[in-house]
1. Taking the alpha-carbon distance from Lys328 and a cut-off under 14 Å, which aspartates and glutamates remain once sequence neighbours fewer than 8 residues away in the same chain are dropped?
2. Among 47-60, 173-186, what's the highest-first ranking by average C-beta atoms within 10 angstrom per residue?
3. Hey, what do the phi angles of the stretch 174-179 turn into as Karplus ³J(HN,Hα) couplings, whole Hz, using 6.51/-1.76/1.60 and θ = phi - 60°, x for Gly and Pro?
4. Hey, which of these cross-link pairs are over 23 Å Cα-Cα: Lys146/Lys192; Lys116/Lys363; Lys358/Lys422; Lys287/Lys358; Lys146/Lys265?
5. Write down the radius of gyration of the stretch 30-92 and its Dmax, each obtained from C-alpha positions, in Å.
6. When the Cα centres of the stretch 245-265 and the stretch 311-331 are compared, how far apart do they sit, in Å?
7. List the aspartates and glutamates whose alpha-carbon lies under 20 Å from that of Lys163, not counting same-chain residues fewer than 8 positions away?
8. ³J(HN,Hα) across the stretch 204-221 via Karplus (A = 6.51, B = -1.76, C = 1.60, θ = phi - 60°), whole Hz, x for Gly/Pro?
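The values are calculated or read from the model by the stated rules, or taken from the named source; none is laboratory data. Values in this document were obtained by computation on a predicted structure and should not be read as measured data. Positions of Cβ are backbone-derived with ideal geometry, glycine not excepted, and every protein chain shown enters the neighbour counts. Note: areas computed on protein heavy atoms with side chains; ligands, DNA, RNA excluded. Shrake-Rupley method; radii C 1.70, N 1.55, O 1.52, S 1.80 Å.
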Amino acid sequence: MHIEQVSALERRVKISVPMADVAKEVESRLKRLSRTVKMQGFRPGKVPLKLVAQNYGFQVQNDVMTEKINSAVSSAIEASQLRVAGSPRVEAADQPADAGDNAEFFATFEVFPEVKFGDWQSLEVERVGTPVTDVEIDKTVEILRKQRQTFEPVARAAQQGDKVTVDFVGRIDGVAFEGGTAEGFSFEIGAKQMLPEFEQGAIGLAAGEQRTFPLPFPEDYHGKDVAGKTAEFTITMKEVAVAKLPEVDAEFAKQLGIESGDTAKMREDIRSNLEREVTGRVKARTKDSVMNALLKVAEFEVPKSLVAQDVERLKELARQDLKSRGMKTGDMPFPDDMFTAQAERRVRLGLVLNELVKQHGLKATPEQIRAHLEDFAKSYEDPAAVLAWYYGDRKRLADVEAVVLEENVVNWVLANTKVIEKPVAFDELMGASA
């Protein structure tokens, strides 16, 4: 059976299915079906074979033909010892005069590419580093204090950082507009809950004082009725409250889960949590640099069938995400080009990683998987329960195995390329998504 090379990755094979074999199998299946099929006016097992064929013959023949075609395609591929990427596409062939009682088809499929690597020594990979110092711990403590701040009324004019309660009325061309009026409305000045001009209008007012000022709405303001227009607001101050931060004492430490109230222990825990978070983000940044480098050093054509499969998978994930946000997706269409670039990158990286793992023996070992899980479980109250949860499900464990395998590849690349150490400020690292 000759396999034709259509393109760099695409192959085509012509298969022939003897219709006599199909007819024989169809007859056999219809006879078996007649023993159990139910039809009005006949007892089970007594339906005439002719009636069974009339009602079920078309479907049975389709099933048999599909099985024969798939079997022939599988045999051809197995004989060729090709590694097939994706599912073959089968189309009917023009029936030549010498085809006889055979039905002929073309099966077209792609094969996995040969992944070739360039010069590893020419690659440069960034490995970022971010220290966790007392400065970062102090900043985190202040953030935690602010999250637990309270507000106390004060008899003075409002200023930055205060929480104010106001009545206000907004008018455009002298007419109050929908959503522009409220009573007893509270907001924190400087928290960016309101437009800057509105916050500025409240600064300097004490309880009982009033101010009228213009407020131009931005062109891209979410309220389309007022976007790009200038309103006139009148604010009446009802209350000014000043922020009161909790003291960093035993009570504060207890609120953060330190039962003994030891503030030194609290800072140790904060440092440990920050270091764990920094380690994760540093690894993610470094891994991203490695993956970009891999795409530069590896050259090969990506199977379109694998990209198409991943596009469909990404579409389904998008639907699930929207559904989880309360949106009704139904059969919402997603254009392929929304996901094609992402899918091609994912498929390309997957093929590169698989080739590196195969060439250099980088598979995740049981010991590595265990060590990874034990380190991960440290952040939970019951590490043993976390380990049991993962080891109790093969799919969960496979997800961890994939993570460890990627780490093995990253470490191999770092050991075999030029690594540039890049310091990254803590604030910059934490402001970026991991």
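1. By straight Cα distance, Lys328 reaches Glu316.
2. Numbers: 47-60: 14.6, 173-186: 11.7.
Put in order of decreasing packing, that is 47-60, 173-186.
3. x, 10, 4, 10, 4, x
4. Details: Lys146/Lys192 16 Å; Lys116/Lys363 20 Å; Lys358/Lys422 30 Å; Lys287/Lys358 19 Å; Lys146/Lys265 20 Å.
As for pairs spanning more than 23 Å Cα to Cα, those are Lys358/Lys422.
5. 17.7, 54
6. Their Cα centres are 43 Å away from one another.
7. Glu142, Glu152, Glu183, Glu188, Glu197, Glu199, Glu209, Glu239, Glu247
8. Karplus-based 3J(HN,Hα) across the stretch 204-221 equals x, 9, 9, 4, x, 8, 9, 8, 10, 8, x, 9, x, 7, x, 4, 9, 4 Hz.
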